[in-house]
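As structure tokens, the structure follows; a few thoughts come after it.
The values are calculated or read from the model by the stated rules, or taken from the named source; none is laboratory data. Values in this document were obtained by computation on a predicted structure and should not be read as measured data. Cβ: placed from backbone, ideal geometry, glycine included. Neighbour counts: every protein chain shown.
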Amino acid sequence: MSQLREGLAAARLIVGLVLTAGCTPLGQYDITINDLSVYQPEPLLQAEGVEDPALRACIEQTALDLQATEVKSLEQLNCSNAGIVSLAGLEQFSGIQSLKLSGNDIRNLLTLERLPALQQLWLDGNDIVDPVPVLRLSALTYLDLTDNPRLQCPSSEKIPPSMQLSLPDHCKAT
């Protein structure tokens, strides 16, 4: 029992030194003393179930940057110019409020219908044809659909009055 107390005291000392010395964040390392684990960080968020490798890589890099360990902690995601084609699997991150997907090859928006917290969405420079799935999002206040040359222009009654919407030039002429 005395060894355990000494080990815990030493662990506290090490943790205190690491935190006050300004070293690499403690959260990245397991700390063991005499084969006794005194600290193990939570594993970082993994994007399992996300089919598109570029989207998965973006989510995992964002999780690493934020040291995110839970799906709900991912509220903002910027995956611009990443070569993303599919959004399948993104719906598990239902807490996303701001999503930037500019300059990809996205066409299908049905997955985004399942992101109820989404407030800001950039889809400029993609291959979107049908914007209706995202126009139904009740929390969405900003939507950029510029530079989508094949976009079917939504009628004014499908655009919520509270939404700031940017459309391609060919929609402005109608």
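With (1) without any contact (Cβ under 8 Å) to a residue 12 or more places away in the chain; (2) in a loop (DSSP other than H, G, I, E, B) as the list, and GLY95 as the residue in question, which single condition is left unmet?
The one condition GLY95 does not meet is (1).
Determine the pairs where a residue that is over 14 Å from ALA117 (Cα atoms) and assigned by TED's automatic domain parsing to the domain that holds ALA117, located within the stretch 135-154, has a partner that is in a strand (DSSP E or B) and aromatic (Phe, Trp, Tyr) with Cβ atoms under 7 Å apart, the partner being 6 or more residues away or on another chain.
Cβ pairs passing all conditions: ASP144/TRP122.
ASN108: in contact (Cβ under 8 Å) with a residue 24 or more places away in the chain, assigned to a loop (DSSP other than H, G, I, E, B) and either surrounded by 15 or more Cβ atoms within 10 Å (Cβ to Cβ) or acidic (Asp, Glu) (or both), yes or no?
no
Condition first: surrounded by fewer than 15 Cβ atoms within 10 Å (Cβ to Cβ), out of contact with any Pro (no Cβ under 8 Å at 6 or more places or on another chain) and acidic (Asp, Glu). Can you find one or more residues in the stretch 84-97 that meet it?
Among the residues of the stretch 84-97, not one is surrounded by fewer than 15 Cβ atoms within 10 Å (Cβ to Cβ), out of contact with any Pro (no Cβ under 8 Å at 6 or more places or on another chain) and acidic (Asp, Glu), which makes the answer no.
A quick yes/no check of all residues on (1) under 17 Å from LEU101 (Cβ atoms); (2) crowded, with 16+ Cβ neighbours inside 10 Å:
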site	(1), (2)
PRO116	no, no
ILE128	yes, yes
PRO133	yes, no
TYR142	yes, no
ASN148	yes, yes
SER162	no, no
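List the number of the failed condition for LEU143; all other conditions in (1) touching a Ser or Thr at 6+ places or on another chain (Cβ under 8 Å); (2) under 21 Å from GLU48 (Cβ atoms) hold.
(2)
Being among the acidic types (Asp, Glu) and either at pLDDT 95 or above or not assigned by TED's automatic domain parsing to the domain that holds GLN97 (or both) is the filter here; which residues of the stretch 52-73 pass it? I'd like the intermediate steps shown before the answer.
From the stretch 52-73, those among the acidic types (Asp, Glu) are 52, 60, 65, 70; that's our starting set.
Within the stretch 52-73, ASP52 is the sole residue that qualifies.
If I ask for residues that are assigned to a loop (DSSP other than H, G, I, E, B), among the charged types (D, E, K, R) and more than 16 Å from SER98 (Cβ to Cβ), which ones from the stretch 56-81 would you list? Walk me through how you get there before you give the answer.
From the stretch 56-81, those assigned to a loop (DSSP other than H, G, I, E, B) are 67-70, 74-75, 79-81; that's our starting set.
Checking which are among the charged types (D, E, K, R) leaves us with 70, 75.
Scanning the stretch 56-81 gives a single hit, GLU70.
Grab the strands (runs of 3 or more DSSP E) fully contained in the stretch 117-174, keeping just those with 2 or more residues being within 22 Å of SER94 (Cβ to Cβ). First the steps, then the outcome.
Details: elements: 120-122, 142-144, 164-166.
Ranges flagged: 120-122, 142-144.
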